[in-house]
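Read-outs throughout are calculated quantities, based only on the coordinates presented, and are distinct from any laboratory measurement. Because the structure is a prediction, the values reported are computed rather than measured. Here the Cβ is made from the backbone with ideal geometry for all residues, glycine too, and neighbour counts use every protein chain on show.
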Amino acid sequence: MKLIECVPNFSEGCDKKILDAISATICSVNNVTLLDVDPGAETNRTVFTFVGTPEAVIEAAFQAIKKAGELIDMTKHHGTHARMGATDVCPLIPISDVTMEECIEYSKVLGKRVGDELGIPIYLYEYSASKAEWKNLANVRKGEYEALPKKMKDPEWKPDFGPHEFNAKSGATAIGVREFLIAYNINLNTRDKAKAHEIALDIREKGRSARDENGKLIKDAQGNKVMQAGIFKECKAVGWFIDEYDRAQISINLTNYKITPVHEVLEKVRELALQKGIHVTGSELVGLTPKEALIQAGKYYLTRMGESVGIPERKIMETAVKSMGLDDLAEFDLDKKVIEYAIANPENLVNMTITEFTDELSTDSPAPGGGSVAATCAAMSGALSAMVSNLTVDKKGYESVQTEVRNYAEEGQSIKERAISAVDEDTQAFYVMMDAMKLPKKSDEEKATRALAIEKATKNAILIPLKTLEICWDAVILAEKVAVVGNKNALSDAGVAAITANAGAKAAYLNVMINMAGITDEKFILEISEQAKTLWENTNNLAISIEKDILNRL
């Protein structure tokens with residue numbers, strides 16, 4: 001599922017009515033979850049954190065910026081934190097299934113709309129920056145709100161979007177894209193803050209002041225201290241003592257966990273600590289974390305133990321929790337600490353028991369229906385292939401295929417997860433189509449708007465089962481591979497994987513075709529129909545071939 005996070009900072013930290021109004025605006029947008037509101041009275045600034053699908057997050061961000069512009073008057077603002085606007089900064093962060101490039105385009109869409117409709121000067125920063133010097137937020141915000149009247153007369157400060165005019169009430173806003181920041185603490189079995197800080201100096205990117213062989217500080221020609229770089233990029237760290245825990249910690253901010261993964265930092269700290277006679281007792285993730293960061297760690301530790309990584313993602317993350325001692329100081333609840341789990345709708349079909357799902361399926365409600373069943377079949381196929389693969393891992397007589405079956409197990413889990421996402425996506429697509437049909441149609445303009453909305457929603461209702469068809473094709477290919485090299489005692493399961501993939505493909509194909517009648521775009525009809533038919537026929541032919549081969553071998 002495509003997810004992005006938005007962390008806008010508003011120049012108000014005292015007036016609860018204003019903060020509540022902004023919160024209500026964000027919460028009014030469907031497919032968005034408000035995770036946190038963190039006000040600061042002294043800074044007179046509040047950080048909001050919300051997550052959702054990209055289009056929904058952009059809508060919520062726009063509405064929040066609009067509400068802040070209505071309620072916050074920058075001519076009266078005072079606070080200790082640097083600021084230049086009612087909405088000072090609005091970063092977007094890719095969480096899952098969204099590339100950095102896609103997020104940058106979303107930031108531009110948001111920036112243009114805010115500039116055009118609200119008349120607020122918008123500067124793009126970080127990964128979205130249009131100028132190298134604007135990549136750093138501090139450069140964009142230099143001089144703060146008080147410098148804006150002069151900047152609005154300087155051609156060099158023409159904003160990326162919005163008017164090159166001073167907006168006295170709302171100021172200006174920086175919008176951009178950055179990586180997710182992980183706040184991470186490593187717990188030590190010492191109360192000595194200095195020892196913790198020594199390790200922090202070793203690992204952080206900034207490093208420490210360089211010294212010569214006599215321990216004297218090294219300075220450059222201008223008399224400035226020369227720094228000796230630390231071990232990890234995108235890593236900030238400091239040592240401190242926590243009264244609450246009666247121990248020292250290394251407090252770390254990882255500004256790009258894809259460059260410097262959490263588990264790599266932990267393992268290096270364990271090594272450095274032992275050299276000083278110190279032990280790491282565990283670690284602590286502050287706030288929420290993307291699922292990917294824990295899966296990275298879990299796979300690292302499973303691989304180090306020689307175990308299969310082709311297991312359910314929750315078990316992978318549980319391995320990470322135990323291996324990293326994330327429950328050292330307090331319970332670590334995946335459902336509360338992992339962003340994707342924390343925002344999951346408990347009413348989603350995939351969270352039901354099989355009995356609840358089939359009961360819901362059997363009612364007179366048109367959704368869930370065949371599309372969700374098709375995706376369920378695809379998920380079952382991937383799961384079965386993963387099972388057969390895992391039953392072959394480390395088994396006597398299968399030494400020559402260990403690399404393959406470990407990869408197949410992981411691939412099966414991926415197919416399962418992709419298909420599970422499609423279970424609810426199919427039902428949601430149907431409801432969006434129904435909402436479009438309910439739009440008013442009294443005037444010609446309303447009729448045209450309604451027709452466009454129905455066409456768009458119907459296309460999406462076709463593309464979801466088409467995606468399921470693609471997953472089923474991947475699933476049947478995997479079933480064939482597993483049937484060839486997998487544990488012979490589970491040969492029938494490989495066959496069932498092929499059969500369920502085929503059932504899912506046939507069901508998905510029917511769901512593609514039934515909605516074609518509502519499409520007026522002839523090119524779309526031709527292209528998608530041909531693509532769907534080819535996928536269905538190929539899946540069917542391969543599945544039948546696998547089934548025959550397995551029956552002959554049983």
### Gyration tensor (alpha-carbon) shape descriptor, region 190-257, a/c threshold 1.5
oblate
### Query
What's the extension gain from Ala194 to Lys219 if we count 0.36 nm per residue and subtract their Cα-Cα distance?
6.6 nm
### Query
Under 15 Å from the 7 Å Cα→Cβ point of Asn407, by amide nitrogen: which residues of region 292-315?
309-310
### Message
If the only charges are +1 at each Lys and Arg Cβ and -1 at each Asp and Glu Cβ, what is the size of the charge dipole of the chain around the Cα centre, to the nearest 20 debye?
### Response
1400
### Message
Testing the spin-label approximation: label points 7 Å from Cα along Cα→Cβ at Tyr431 and Ile354. State their distance in nm.
### Response
2.6
## Note on the structure
Farthest towards the positive end of the dipole of the chain, among Ala297, Ser365, Met352 and with Cβ unit charges of +1 on Lys and Arg and -1 on Asp and Glu, lies the Cα of Ala297
### Message
Just checking my list (1) 81, 74, 41; (2) 81, 58, 48; (3) 70, 56, 51 against Cα extents along the principal axes in Å computed from this structure; which label fits?
### Response
(1)
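Quick check for me: using +1 on Lys/Arg Cβ and -1 on Asp/Glu Cβ, what's the dipole size of region 174-319 about its Cα centre, in debye to the nearest 20?
On the way: 23 positive and 20 negative charges, 57 e Å.
About 280 debye.
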### Translational D in µm²/s for region 1-107 (Stokes-Einstein at 37 °C, 0.692 mPa s, Kirkwood Rh from C-alpha pairs)
237
### Task
Treat the count of other C-beta atoms within 10 Å as a stand-in for reagent exposure and order Met305, Met380, Met152 from fewest to most.
Met305, Met152, Met380
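Using the Kirkwood radius built from alpha carbon pairs, what does the Stokes-Einstein equation give as D for region 182-342 at 25 °C and 0.890 mPa s, in µm² per second?
147
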### Query
Antiparallel DSSP bridges in the chain: what percent, to the nearest 5?
80
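With a ≥ b ≥ c the root eigenvalues of the C-alpha gyration tensor of region 3-177, is it rounded (a/c under 1.5), prolate (a/b larger than b/c) or oblate? Write down the numbers at each step before the final one.
Values: a/c = 1.67, a/b = 1.12, b/c = 1.50.
Oblate, since a/c reaches 1.5 and b/c is not below a/b.
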### Task
Report, in whole Å, the centroid distance computed from the Cα atoms of region 391-444 and region 167-205.
36
## Note on the structure
Ordering 116-128, 326-338 by per-residue average of other C-beta atoms within 10 angstrom, highest first, gives 116-128, 326-338
### Selection from Leu526, Leu201, Val485, by position along the positive dipole direction of the chain (Cβ)
Leu201
### Difference of contour (0.36 nm per residue) and Cα-Cα distance, Glu446 to Asp97
122.2 nm
### Query
Going down the list Lys416/Lys441; Lys299/Lys395; Lys158/Lys447, which pairs span over 32 Å between their C-alpha atoms?
Lys416/Lys441; Lys158/Lys447
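For a protection proxy built on the mean count of beta-carbon atoms within 10 angstrom, sort 523-532, 28-37, 467-476 highest first, please. Intermediate results must be reported in sequence, preceding the final value.
On the way: 523-532: 14.1, 28-37: 16.6, 467-476: 26.9.
Result, highest mean Cβ count within 10 Å first: 467-476, 28-37, 523-532.
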### Query
Where the centroid of each part is defined by its Cα atoms, how far is region 111-142 from region 262-327 in Å?
37
### Message
So if each residue of separation counts as 0.36 nm, and I subtract the Cα-Cα distance between Glu55 and Arg304, what length gain in nm does that give?
### Response
85.7 nm
### Query
Say R0 is 35 Å: what FRET efficiency, to the nearest 0.05, do Ala210 and Ala138 get from their beta-carbon distance?
0.85
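Ordered by packing density, taken as the mean number of other Cβ atoms within 10 Å over each peptide's residues, highest first, how do 352-360, 98-106 rank?
Values: 352-360: 11.9, 98-106: 16.2.
Per-residue mean Cβ counts within 10 Å order the peptides as 98-106, 352-360.
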### Task
Quickly work out the Lys112-to-Gln275 label distance, labels modelled 7 Å from Cα along the C-beta direction, and quote it in nm with one decimal.
5.2
### Summary
FRET efficiency (Ala183, Ala229; Cβ distance; R0 22 Å; to 0.05) is 0.50
